[in-house]
Every structure is written in C-alpha cells, then in structure tokens.
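The structure is given below, and queries will be raised subsequently.
The values are calculated or read from the model by the stated rules, or taken from the named source; none is laboratory data. Just so it is clear, the structure is predicted and the values come from calculations on it, not from any experiment. Neighbour counts run over all protein chains shown; Cβ positions are idealised from the backbone, glycine included.
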Amino acid sequence: MTQRRWRIALTSLVLFALALSCAWPAQAGTEAGGKAGTETGHYTDRPIRVGLVRHFRNVKQITVLASSDYTITRAGSTEKLASFTNLEPLTIEAGASRLTLKPVSGPAANAGASVTITPNDPSGMVSIDSPGRPSKQFRGAIEVTLKSGCLQLVNTVSIEDYLPGVLTGEMPSSYPAEALKAQAVAARSYTLCAHSRHASSGYDLCDDSHCQVYDGTLREMPSATRAVLATRGQTLTYKGRLASIMYCADCGGVTECYAEAHSGVVPYLTSVVEPTGINHRAWEKSYTLADLAAKLVAGGIKEGEGLQQVTITKLSSSGRALAVEIKGANASTTVSGIKLRLILGRGAIHSTLFAIDTAADGTITFKGKGAGHGIGLCQVGAGALASPPYSYTCEQILAHYYPGTALSPASGSLGSRQPEAVTQPLSEQRTIPDVRVETPQL
C-alpha cells in the first residue's frame, strides 16, 4: 500500500471522527425523542462478535490503521504484543502456523495464532485494507485469527454501535425516518435473538445477508444514526418474551406466513398484504429446457434429465410456490420452492413469489415479484408506508408487519428473553389503517 493511500485513509478517519462528534451529541437519545433510553451497562451496549466474511473471507494479508494510537494483544488475554501510533499502519500476514506482524518500521514479529487490535481511544475506529478487497472501517476491536491458512476477522462492537452500519447496509438512507426507525427496532431485536447463530465459527453473527448486512462506518449516514438513537434499546416482544423476528428486502406486495414456509408456528410472522398502490419489484427469468435441466441436475435433482415440464403444485396463502414438480424423461420429483430457488440462484430467482410460463418452443419463464424470503417487515413496503399518503409511524409499521407484538425497552443480560418492562401491544397504541387488501396478481 502506498504512503499516499494511507494519508487518504488517515484523513478519512479524522474527518469522520469530527463529523461524528457533531452527529452524536452527549444526550442524543433524549434529544432524538427516544422514550426507551438505555444506560451504560445495558445489554444493548454490551459487545457482540461480528464475523467479517462478506469482504474479507479467506484473505491472507491485511493492513490496519486506527484513528487513535492502538495496541496489539494476544486474543483472549491482556498480554501486550505491540503498540502503534495512529500514523503507523501494520500489516498482518497468515503463515503456516502463526501470524506475522509487519510494521512499517522495525522487524517483523511472530504473534501466535490470534491477536486483537484495539484503539486506545474507546471511540476510535480501525481501518482495514486487503489486496483486491474494498477498504472498510469499524468501531470497537478487530480480532485476527489464523484459520486454515487464512485470516478470520471478527469485529467486537457494542450492539448500539453496530446498528448504524446495519441500517446503512440493509435499508436506503433516503427512506423516511419512521421506516428507518422501524428497521432499527427490527435489526436490534434480530441481533439479540440470533446472537449465537455462528457460535461454532467463533463469532455471533456474520456481516452478510445470511444474518444482517453490516457495512461498518465508512458508509454510515446521519439518517441511520438518528434512527438508532431515537429507538435506543427498543425491541419487539411477544407475551413478555423477545420476539424472534425476520425481515426481508421486498415482499412483492404480500408477506409470507412463517408456518407455511417452515416448520413451527410463529403467531406474529403471519401473511400481511400491502396496499395496492405500493410499487414492488417485478422480475422475469427464462431458460431453455436444456439449460434448466442442466442446472437442476447440477443441483442434485437427477430427475431433471431430459426435462419436459416444471409445474407449481402447491401455493401458500400469500401465493408463493411451496411445491414444484420436476418432470423429466424418466422420472418425476417434487421440490420446495425454496430449494428450487437455491439451486437456480437467488440472483436469478429473486423470491418464491412466482408463476411459471411454458412457451410453445419449450422456453420456461419464471415471472415473479419481490426479493428475499418475504417474511416479516418488508423494507420496500416500510419505506412506502412511512411516506404519503399512508404516513405510518414506526409503531404502526411494526404493528402492521408483526401483529400482536409490543414495543419494549430491552433489559437484562445478552440473549435474555424476559424484558423487565413490556408496553401495551402495538395494535392498541394507535389505530392502524386497514391495508389488508386482496393478494396482488403476478
């Protein structure tokens, strides 16, 4: 990395820190109007471990720089290995059995299998670069561990500091404030409920859409930060317990009922229809019989050999494909719409809310709406509901997508499902306009 590039990175860090001091006043939770403020020690202020796999999976070298002086310790201990000023970049390389630390000046040093990079300033940030990967910046500490000859990066950060990066990654910052606030509550609730999803990998959540898209600080926008501050500590509960919620990019006009797509009943993850005036993404994907057969066989559906017909045989109440029959030259089988989407690729079949057309020449076309699994809060729908003519509040948006839940101040220990205080159900807080109209046509 050139010296000029590091000057640019350092300048970015300094400017961001100055901007943050203005955007994040000392008592911003009260000034932003959040009713359920949390205090130091509250479990949404406690750290979670986020695996940085989206951009840094299988990297063998990184270069780090912090916005303040920083310290390298052996992971899991207080043993100090080295200290650097905020002007000193450090390169970390994966070796056969240990990490190698390479400062700009001074000799390289072996550092064992795992180290932690911590800014001396608690509000400091760590910038990470790796050849061929985008530059990223994170609050909190960065743990670097040698795994199978590569570097595994984990960001240890408080939940409230984590959420602005989630909102930036998950929802356009141009969306109305009430939609962003609803997304903040949903993301916080999800974080607390799913915090051990990747425990076997050594962290809590990943930074990809498998969990929640987390972009760190470089792309954070003031609107996302304000939404997190305004809802600080607020979560969704159901009958006094933390609600295990889901959310999606675009429901296509109607959300999916969890019980129909998966095993188990979750009362607040039911099918909800959007107003007909909301625009949702429409998409199409066409295949020749030969192309589709090849993809099915490659995906393990051997009955796809000599493909003759693909037919939806069962729909959910939201109109999504629950079962699809694959008829080949020698055999037939039925697969779920979810499995078929995984085989063909989420970038091709954007949701399971689709119909299938077969042309005279055998071309098979999937015509659908929406993107994602379609369960819970619909991000496109939330943005529209928060805008005129609907002008929903955060509470109304959450009540619409999670009927029967309550907006509650989080309390207790991380992972606790028993908040100390529970408010009245969202449906009783305000009159919710009736938007449960007929299912949209594909």
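Looking at the stretch 239-246, can you tell me whether even one residue there is touching a Pro at 6+ places or on another chain (Cβ under 9 Å), aliphatic (A, V, I, L, M), under 18 Å from I48 (Cβ atoms) and not assigned by TED's automatic domain parsing to the domain that holds I48?
yes
For A259, indicate whether it is among the aliphatic types (A, V, I, L, M), within 27 Å of the chain's Cα centre (by Cα) and closer than 21 Å to S336 by Cα.
yes
What's the number of the only condition in (1) of a type outside the set (S, T, N, Q); (2) part of a loop (DSSP other than H, G, I, E, B); (3) within 30 Å of the chain's Cα centre (by Cα) that A329 fails to meet?
(3)
Considering the stretch 184-226 alone, what residues qualify as being under 19 Å from S244 (Cα atoms) and of a type in the set (S, T, Y)?
The answer is S189, Y190, T191, S196, S209.
Here's something else I'd like to know. Restricting to the stretch 180-231, what's the tally of residues that are outside any helix (DSSP H, G or I) and not charged (D, E, K, R)?
Of the residues in that region, 19 qualify.
Give me a count of the residues in the stretch 101-150 that are in contact with a His (Cβ under 7 Å, 6 or more places away or on another chain) and either without any contact (Cβ under 8 Å) to a residue 40 or more places away in the chain or not in a strand (DSSP E or B) (or both).
Going through the stretch 101-150 one residue at a time, the tally reaches 2.
What pairs come up if the first residue lies in the stretch 201-225 and is closer than 19 Å to S174 by Cβ, the second is part of a loop (DSSP other than H, G, I, E, B) and charged (D, E, K, R), and their beta carbons are under 8 Å apart, counting only those six or more places apart or on different chains?
Filtered contacts from the stretch 201-225: V213/R54; V213/D207; D215/D207.
Being of a type in the set (G, A, S) and under 25 Å from C248 (Cβ atoms) is the filter; apply it to the stretch 266-314 and report the residue that is surrounded by the most Cβ atoms within 10 Å (Cβ to Cβ).
If we take residues in the stretch 266-314 being of a type in the set (G, A, S) and under 25 Å from C248 (Cβ atoms), then S271 is surrounded by the most Cβ atoms within 10 Å (Cβ to Cβ).
Right, next: Show the residue pairs meeting these rules: Cβ distance below 9 Å; 6+ apart or different chains; first residue within the stretch 59-88 and crowded, with 17+ Cβ neighbours inside 10 Å; second residue among the aromatic types (F, W, Y) and in a loop (DSSP other than H, G, I, E, B).
I62/F56
When the residues of the stretch 156-179 are filtered to those that are assigned to a helix (DSSP H, G or I) and free of Cβ contacts under 8 Å to residues at least 60 places away in the same chain, which remaining residue is surrounded by the most Cβ atoms within 10 Å (Cβ to Cβ)?
G165
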